[in-house]
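Below you'll find the structure, written out as structure tokens, and then a few comments.
The values are calculated or read from the model by the stated rules, or taken from the named source; none is laboratory data. What you see is a predicted model; the values in this text were computed from it and never measured. All Cβ positions, even for glycine, are placed from backbone atoms using ideal geometry, and neighbour counts span all protein chains on display. Just the protein is used for accessible areas: all its heavy atoms, side chains included, with ligands, DNA and RNA removed. Shrake-Rupley method; radii C 1.70, N 1.55, O 1.52, S 1.80 Å.
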Amino acid sequence: GPYGINCNYLAPGGVDTDMMLRIEHSTFGDTKTHEEAMAVFCDAQCFDKRYAMPEEVAFMATVMASEWMSHTSGARIPMDGGVQEVLRP
């Protein structure tokens, strides 16, 4: 705070990238298609049951780096399709 540093962070779930494809393959091998694996990984989501697009994460990172967030510090921004809502007791 006194040094003008804000500490906020993004907490994305699965993001539709090559890394997620590697995770799917290491988890399921060749037994599931991309769509089937995504359905399994996204089952706990409240919303549209899909991975985030890289552009969505990039947009939120841009917003968080902007002056619009200058009065925000210590914020966790979940980008997981609402999983935390489903898993909350």
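Roughly speaking, what is the stretch gain from Ala39 to His25, that is 0.36 nm per residue apart minus the C-alpha to C-alpha distance, in nm to one decimal? Walk me through the numbers on the way to the answer.
Details: separation 14, 0.36 × 14 = 5.04 nm, distance 1.40 nm.
Stretched fully, the Ala39-His25 segment lengthens by 3.6 nm.
List the chymotrypsin sites (Phe, Trp or Tyr not before Pro) within the chain that fall in a DSSP loop (any state other than H, G, I, E or B) and whose Cβ has at most 14 other Cβ atoms within 10 Å. Those that pass, being in a loop and sparsely packed, are Tyr3, Phe47.
Can you give the calculated 222 nm mean residue ellipticity of the chain, where each DSSP H run of n ≥ 4 adds -39,500 (n - 2.57) and the sum is split over every residue, rounded to the nearest 500 deg cm²/dmol? Working shown, then result.
On the way: 4 runs with 35 residues, N = 89.
It comes out at -11000 deg cm²/dmol, rounded to the nearest 500.
Give me D for the chain in µm² s⁻¹, whole number, from Stokes-Einstein with Rh from the Kirkwood sum over alpha-carbon pairs, 37 °C and 0.692 mPa s. List each step's numbers first, then the result.
Values: Rh = 14.7 Å.
Diffusion coefficient, whole number: 223 µm²/s.
Contact order, relative form, for the chain: 48 percent (alpha carbon pairs under 8 Å, 6 or more residues apart, mean separation divided by residue count).
Converting phi to 3J(HN,Hα) with the Karplus coefficients 6.51, -1.76 and 1.60 and the offset θ = phi - 60°, region 22-37 yields 5, 5, 4, 5, 5, 7, 10, x, 9, 7, 9, 6, 4, 5, 5, 5 Hz in sequence order, with x at every glycine or proline.
Based on protein heavy atoms only, the chain ends up with 72 Å² per residue of surface accessible to a 1.4 Å probe. Split the accessible area of the chain by element, probe 1.4 Å, and carbon with sulfur accounts for 61%.
5 Å is the cut-off here: which amide hydrogens, built 1.01 Å from N in the peptide plane, fall below it relative to Leu10, excluding neighbours closer than 5 in sequence? Sorted by chain and number, the residues that satisfy this are Ile77. On a 0 to 90 degree scale, rounded to 10, what angle separates helix 54-64 from the longest Cα axis of the chain? The answer is roughly 10 degrees.
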